[in-house]
Structure formats: structure tokens, C-alpha cells
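Chemist: This is the structure I have questions about; it appears just below.
The values are calculated or read from the model by the stated rules, or taken from the named source; none is laboratory data. Since this is a predicted model, take the numbers as computed values, not measurements. Positions of Cβ are backbone-derived with ideal geometry, glycine not excepted, and every protein chain shown enters the neighbour counts. Accessible surface areas use protein heavy atoms only, side chains included; no ligands, DNA or RNA. Shrake-Rupley method; radii C 1.70, N 1.55, O 1.52, S 1.80 Å.
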Amino acid sequence: MVAMDSEAFAADGAGISRPARFELTRTDRAFLVTALVGLLAARLLAVFWLPFVDPTEARYAEIARKMLETGNWITPWFDHGVPFWGKPPLHTWLSAAGMDIFGVGPFGARIFILGTAVAVLGLVFAWVRRNSGPDQALLATVVLTSSVLFFGASAFVMTDMVMVLGTTLSMVAFHNCLTGPGHRKLWGHLFFVGIAIGLLAKGPTATAITTMALVAWLAVGRRWRGLSALPWASGLLLAAILTLPWYVAAEIRTPGFLRYFIIGEHFERFVVSGWKGDLYGSGHAHPKGMIWLYMLGALLPWTFFAAALVPRGKAVLATLSRDDRGWHSYLALWALSPLVLFTPAANILAAYVLPGLPAAAILLVSLWAGSWGAPGRGARLACATAIGGVVALSLVGSLLVFAFPGAFPLKTERELVAAARQADRDIHFTYWGPRSFSAEFYTGGDVTFTTSAAAIDALAGNGVRDALAVRKADIETLEPRLASDFTLIGPFGQRVLFIENPAGENVR
């Protein structure tokens, strides 16, 4: 819990205790800047050190690798000949472009995703600075960066962080267009650019999250006249120019895409429990309303700081009552919109709360500033502990994975593939069992997945040297078939590696 010092409060003429003006000391600012740099440095090191893990990140990284390999920048491919209709390709374009520039590997696949997260942080800082001053802006940026889900997702190869850039840009641009003193036309057009980013990153879900928050805010404050500030004609045209060409081209290239993507992914997935229509995996069935618990976990460690506001309920209400600009209602409705949207959903992931995290971080800092005032020694210590914990866990965790890659039960095939290639750079990989996307990525697609005993028997005579990866539970079944043609190398994570002996060598 957060403890505040008595000097954080001042009494007015009537003797009523009110929070002092929120203002950071020079030492506070220096610490927060250092913490922000440390957080970003820790995340960048994890970009290099952490392997792709099955299934989610490895799957999206492999889809991006296939895009680069095939040169087809219209249709992402789930497998050769199998289009990936599950999501639009903006995140795939970013990962494929990164690997084209920096080489096929985790850094290339992740670096532009990290760039979108940095852009979100830049938007948050500039917007809060404009509305609440530089001190709150700096603190809100650090809170968002160090929240567990944002920190983890900031360089994770998937759709959500790219979508968050779109929703954040739209929400910031809309507010600036309606309330800002200048550049309203520019911000109005940037609102539609954010809509386009969302449509190319995730689809209609991004637009729904933004629209729900904005309509509710306009209705609550009776601000409908402000809509006239938006450049509707040119803005909608701009959004159409940015998005429609790909949607049309995708349907032409692989007919059936629009039906699956619009109806399946954006209706049936969320209302049909245990949805069976997923072409690329399985539904994630959870109790309805689980999204609210996900938000509490996503905001850690700052969830405890939010709980510390409960005893200050009167001060929080006083802060809200002084909000004649609708600042807090704007933030609250933004933070709540993904939660409300996905409350009735039957198939959800924790990442679905990400679009609301920027607003939740800003709202927490704003309510904290309004009800507590200037941070005291207890608050500084609590913040430093929370931020330092996130940095330390990230650095130590990624360093341990880098230094001792086989010591952690990660679902990745990086070490197995590397060990096999030490024996023979041209070795061919066969996996007994289900598909592994990390195996596909780290072998460059030179891998076969099978559960056919005849296929295992044929390896010895196929004219190439083979590496065979077998789940530990299947060793007793397959080892007699390998006879003297393969040598057991050892276990790597959940699998055991066998390598075919060089031609002319038989070892029992």
C-alpha cells in the first residue's frame, strides 16, 4: 500500500485538509527518467535474448518469416497453401520488414513492434503533458511502461500492441481535436489515421473499442456539437485509402477471407462458447466477465496503488467533482471500453485489455495527484520498489534464459535446432508429434511433422542426414525403430534429439 507523508497536505482558510499541488522534485524526475531508460533497456535486451516460444509468438513470427520468404505481402500464410485469415497483416508487415532489414531472427521480428510501443508512450507523454503538466506526464509514462502486460507485450510479435497504437492515436487525436487550442484539422485527420491503423492491425474490434468510449463520453457530457470539428469527408476518405486496398486485394487473392474474418473472428468467436470454427487453433473458452480480472492482473504492480485510493474515497470524489473538462470521464470510459466489449465474450485472451491500459495508467496518476497531492517519502519508496522490481525481474529473467538456455522449461525449439546444426549445417529436421511453430521458424521451414511410423522408418534411406525430435513420452515407442542408424544426443526442453549417423557409420 502507498503511504503518504503529512506534508503532502495543506489546510485552507476553513481548516479543511486539501492535497498539495502535485509537483515532483528534481530527484524524483531524475529517478523516473532513469527508470524509464532502464525499463526500455531491459525490454530491448529481452528482444535479443528470449527465444520465440510456442504457440502464439512463434506462430506470428513464422507467418512473418513466410511472408518474407514468399515475397507475398498481401496474404499472410499460416502454412504453404493455407492463407492466414485470422488477423490483418500490419503486425506481419512490421515483423517481415524488420527481418528483411536486420536479418531473420528475434531482433528483426520484434524491433518494429517495440517501436509501436515506444510510439504509444510518446503519445501518452505528450498528451498528458499538454493537459496535466510534465510531472504527471512523466509519472504516467513510467507507470504504463512498467505495468506487467504492457511491458511484456511491448515487443511481443502479435497483433495487439500495433492495434494499441491505433486506438491510442485515435483517442488522443479526438480529444485534442475537440478541446485543443490549435492544429485541430491535423489532429482530426490523425484520428482517422488511428482508425486505419486499428483496422489494419486487428480489424473492426479496434474501431468498436474507440467508438464505444467516444460515444459514451459525448453522451454523458452532451458534447455532440464537438463532432463538427472532425474533418469527416476528408478523414473518412483518408481512412478508406489506407485500408480498403488491402481488404479488397486479400479477398481477391483468397476468396472467403471477408466472410471468415468479419463473421467468424468478430462475431462467432465471442458469442459461441468453445467456438469450433477457428481454422488456426482452438477457442479460448473462459467464464464470461473474466476480462475484468485480466485488467487487474495487467495493471500490476500498480493495481495495489489503485487499491490505496479506496480509503481516500472522499478525496477521489472531490477530484472528480472538480473535473469540469471531462478529463477523468474520458479516461475512465476509454479504460472501460475493452472490458465492456469483451465481458459477454466466450473466447478471450489477457491481451484484450491492452487498448485500455494507457487510459488506466493516466487515470490512476491523475486521481492519485488530485487526491494525494505531492508524493511523500512513503509513496516514493513504494513507486521505486515497484519499478525496480519490474526492471530487476526482466533483466535477471532474460539473462538467466540467455546464460542457461536449457535450464528453463520454455516451449521453444531454439536450443534443439542449434544443437543439431552443430553436427551438420545441412541437416533436415523431422518432428514426431504435433506442429511446432518455433521449430519451423528456427529451421527456416526445413522441418517435417509426422505421426507415421513408416515415415520414421524411411528416414535412414532418404539420402539426407536427419535430426529427429521426439517427445519424451514417445521414446520407448520409437527408439527400437531407429536401431543403429541414429545417435541419442539428449533432451532439450520437452523433446529429445536423435541425429542420424554419418553415412557408413552404424552405432548401436
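Chemist: Being crowded, with 20+ Cβ neighbours inside 10 Å, of a type outside the set (A, V, I, L, M, F, W, C) and more than 16 Å from W127 (Cα to Cα) is the filter here; which residues of region 329-346 pass it?
Modeler: The answer is S337, P338.
Chemist: Mind checking whether some residue in region 296-316 is out of contact with any Cys (no Cβ under 9 Å at 6 or more places or on another chain), assigned to a helix (DSSP H, G or I), modelled with pLDDT of 75 or more and charged (D, E, K, R)?
Modeler: yes
Chemist: Identify all residues within region 317-328 that are under 15 Å from I362 (Cβ atoms), open to solvent by less than 40 Å² (accessible area, probe 1.4 Å) and modelled with pLDDT under 85; write none if there are none. Give the steps one after another, and end with the answer.
Modeler: Quick first cut of region 317-328, residues under 15 Å from I362 (Cβ atoms) only: 319-320, 323, 325-328.
Imposing the further condition that a residue be open to solvent by less than 40 Å² (accessible area, probe 1.4 Å) reduces the set to 319, 323, 326-328.
Residues satisfying the conditions are T319, D323.
Chemist: Right, next: A119 fails exactly one of the following numbered conditions: (1) open to solvent by 10 Å² or more (accessible area, probe 1.4 Å); (2) touching a residue at least 60 places away in the same chain (Cβ under 8 Å). What is the number of that condition?
Modeler: (2)
Chemist: Then there's this: With the checklist (1) in a helix (DSSP H, G or I); (2) more than 24 Å from F492 (Cβ to Cβ) in hand, flag the one item L24 doesn't pass.
Modeler: (1)
Chemist: Look at region 25-84 and say how many of its residues are surrounded by fewer than 17 Cβ atoms within 10 Å (Cβ to Cβ) and of a type in the set (D, E, K, R).
Modeler: 4
Chemist: Next question, about the same structure. Do we find that A423 is more than 26 Å from N131 (Cα to Cα), crowded, with 17+ Cβ neighbours inside 10 Å and in contact (Cβ under 8 Å) with a residue 40 or more places away in the chain in this structure?
Modeler: no
Chemist: Would you confirm whether or not region 57-72 contains a residue that is touching a residue at least 24 places away in the same chain (Cβ under 8 Å), of a type in the set (F, W, Y) and part of a helix (DSSP H, G or I)?
Modeler: yes
Chemist: Return yes when T443 is polar (S, T, N, Q), open to solvent by 70 Å² or more (accessible area, probe 1.4 Å) and touching a residue at least 12 places away in the same chain (Cβ under 8 Å) and no when it is not.
Modeler: Numbers: polar (S, T, N, Q): yes; open to solvent by 70 Å² or more (accessible area, probe 1.4 Å): no; touching a residue at least 12 places away in the same chain (Cβ under 8 Å): yes.
The answer is no for T443.
Chemist: Here is a further query. Which ranges mark the strands (runs of 3 or more DSSP E) fully within region 412-508 that have 1 or more residues being of a type in the set (S, T, N, Q) and modelled with pLDDT of 90 or more?
Modeler: Qualifying strands (runs of 3 or more DSSP E): 428-432, 447-450, 486-492.
Chemist: Any chance you could count how many residues in region 287-345 are of a type in the set (S, T, N, Q), under 25 Å from A386 (Cβ atoms) and without any contact (Cβ under 8 Å) to a residue 12 or more places away in the chain?
Modeler: Result for region 287-345: 1.
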